[in-house]
Amino acid sequence: MQIIRRKAALRAFTQAWRRAGGTIGVVPTMGALHAGHLSLVEAARAGTDHVIVTLFVNPRQFNNPEDLAKYPRTEESDAEKLAPFGVDVLYIPEPEEIYPGGFATNVSVSGVSDGLCGATRPGHFDGVATVVTKLLLQTDADRAFFGEKDYQQLQVVKRLATDLDLKTEIVGCPTVREGDGLAMSSRNLRLGIGPRETAPVIARVLTGAADIIARGGNVLKALDTASEALLAAGFDSIDYLELRSDPDLQLMTKADRPARLFLAAWLDGVRLIDNLPVSAPRKVETSEDQPLESA
Ligand code: PAF
């Protein structure tokens, strides 16, 4: 695995691969790699000839300077974790390779960016959309792999790739969970021992609410009960707990089309997010559904 910090050096690799007829997959990351990232690398390995992992802690997507300062930087151990996975290039761009002096362009996706994390973290998705556009162009990728844990981000990236005619196919991969159900995230490292034990309540509460809604239960009541359970378990506050249509992320109060539950909640000063699909409600058979007895 080559570690590359300059886009000209990266281009030398991608052009050589192209000349030989190879396809390129990219896994964009901000480092602090865990099994979720490694599952994306495996998907890229299976789906393309050459794999680039990018590692860039993108300041433009942090609306809170403290959050940026606290973001774990673990470059050496990230490189070690990737070593057995057949990655061709780990691209760790110098900041000026992404944001050269005078940089004045912003990629902003409306619609799918508006609610959820877009509403609670102003500017976050502009930062994500801008950096991802640059990384897809710099890596010349045929396919890019993103986790469904950041489901809204996945929809934002799909939208921008379509709207800007990028050639890269955006591939969503399932959320990877710890044994206790907690969705894997670099932020989990910041939880104290007690809060880490509390965190899996998210997956249990979301599964319970998704099940009630799938059986035709009242959506708002299910969400209220879930919020109360989280706060009772020790969560400090909830940024949002909402049912949204899939994939256009419109707010829903009735599960009458494909939908997902989305949650962002604070625990121990750490903001955790998760989401789960909700299947269409099962039709409850009533007496009116019974065939009429012939007289
Ligand atoms: O999901 C992330 O790690 C980041 O948002 C991404 C896609 C690498 C852009 O900085």
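Taking all protein chains together, THR120, THR253 sort by accessible area into THR253, THR120, largest first [probe 1.4 Å]. Taking the chain as the region of interest, the number of lysine pairs whose Cα atoms are within less than 20 Å, with members eight or more places apart or on different chains, is 9. Distance between the 7 Å Cα→Cβ label points at ALA104 and THR23: 4.0 nm. Each DSSP beta bridge with both residues in the chain is either parallel or antiparallel, and the antiparallel ones are about 50%.
Once the mean of 1/r is taken over each pair of separate Cα atoms and inverted, the chain shows a Kirkwood hydrodynamic radius of 20.6 Å.
With r defined as the distance between the Cβ atoms of GLU75 and LEU164 and R0 fixed at 35 Å, what FRET efficiency is calculated, to the nearest 0.05? If you can, show how the numbers build up before the last one.
Values: r = 30 Å, r/R0 = 0.86.
Once the sixth-power term is evaluated, E becomes 0.70.
Under 5 Å between amide hydrogens, built in the peptide plane, is the criterion, and for ASP239 it picks out ALA264, ALA265, TRP266 among residues at least 5 positions away or on other chains.
Summing charges over neighbours of LEU206, with a neighbour being any other residue whose Cβ is under 12 Å away from its Cβ, gives 0 when K and R count +1 and D and E count -1.
Contour minus end-to-end for ALA229 and ARG215, with contour as 0.36 nm per residue of separation and end-to-end as the Cα-Cα distance?
Numbers: separation 14, 0.36 × 14 = 5.04 nm, distance 1.98 nm.
Length difference between fully extended and current span is 3.1 nm.
Averaging the Cα positions of each part gives two centres, and for region 121-139 and region 220-244 these lie 30 Å apart. Rounded to whole numbers, the Karplus 3J(HN,Hα) couplings from phi for region 189-203 are 4, 8, 7, x, 4, x, x, 4, 6, 7, 3, x, 4, 3, 5 Hz, using 6.51 cos²θ - 1.76 cosθ + 1.60 with θ = phi - 60°, and x at Gly and Pro.
Is region 132-230 best put as rounded, prolate or oblate by its Cα gyration tensor, with a ≥ b ≥ c the root eigenvalues, rounded for a/c under 1.5, and otherwise prolate when a/b is larger than b/c, oblate when not? Walk me through the intermediate numbers first.
Details: a/c = 3.18, a/b = 1.69, b/c = 1.88.
Because a/c hits 1.5 or more and a/b fails to exceed b/c, region 132-230 counts as oblate.
Put a plus charge on the Cβ of each Lys and Arg, a minus charge on the Cβ of each Asp and Glu, and nothing anywhere else: the dipole of the chain about its Cα centre is then about 680 debye. For region 1-79, the square roots of the Cα gyration tensor eigenvalues, ordered a ≥ b ≥ c, give a/c of at least 1.5 with a/b greater than b/c, which places it in the prolate category.
Around the amide H of ARG177, modelled in the peptide plane, lie the amide H atoms of MET184, all under 5 Å away and 5 or more residues distant in sequence or on another chain. For region 49-111, the gyration tensor built on C-alpha atoms gives a prolate shape. Its axis ratio a/c (a ≥ b ≥ c) is at least 1.5, and a/b is the larger of a/b and b/c. Placing unit charges on the Cβ atoms of the charged side chains and taking the dipole of the chain about its Cα centre, the candidate lying farthest along the positive direction among LEU160, ALA83, PRO122 is ALA83.
Ranked by the mean number of other Cβ atoms within 10 Å of their residues, highest first, the peptides 167-179, 29-41, 60-72 fall in the order 29-41, 167-179, 60-72. If R0 is taken as 30 Å, the Cβ-Cβ distance between LEU68 and ARG177 corresponds to a FRET efficiency of 0.70. Across region 82-92, computed HN-Hα scalar couplings (Karplus, 6.51 cos²θ - 1.76 cosθ + 1.60, θ = phi - 60°) run 6, 3, x, 9, x, 7, 7, 9, 9, 9, 10 Hz from first to last residue, x flagging Gly and Pro. With a 10 Å cut-off between alpha carbons and a GNM built on the chain, which of ASP163, ASP211, ASP239 moves the most? The residue with the greatest mean-square fluctuation here is ASP163. Go ahead and collect, in residue order, the members of region 261-275 whose backbone nitrogen is under 11 Å from a label point 7 Å along the Cα-Cβ direction of SER237. Under 11 Å, as judged by backbone N against the label point of SER237, lie 266 of region 261-275.
The values are calculated or read from the model by the stated rules, or taken from the named source; none is laboratory data. All values derive from a computational prediction rather than experimental measurement. Don't worry about glycine lacking a Cβ; one is built from the backbone with ideal geometry, like all the others, and counts go over all protein chains shown. All accessible areas refer to the heavy atoms of the entire protein, side chains included, with ligands and DNA or RNA removed. Shrake-Rupley method; radii C 1.70, N 1.55, O 1.52, S 1.80 Å.
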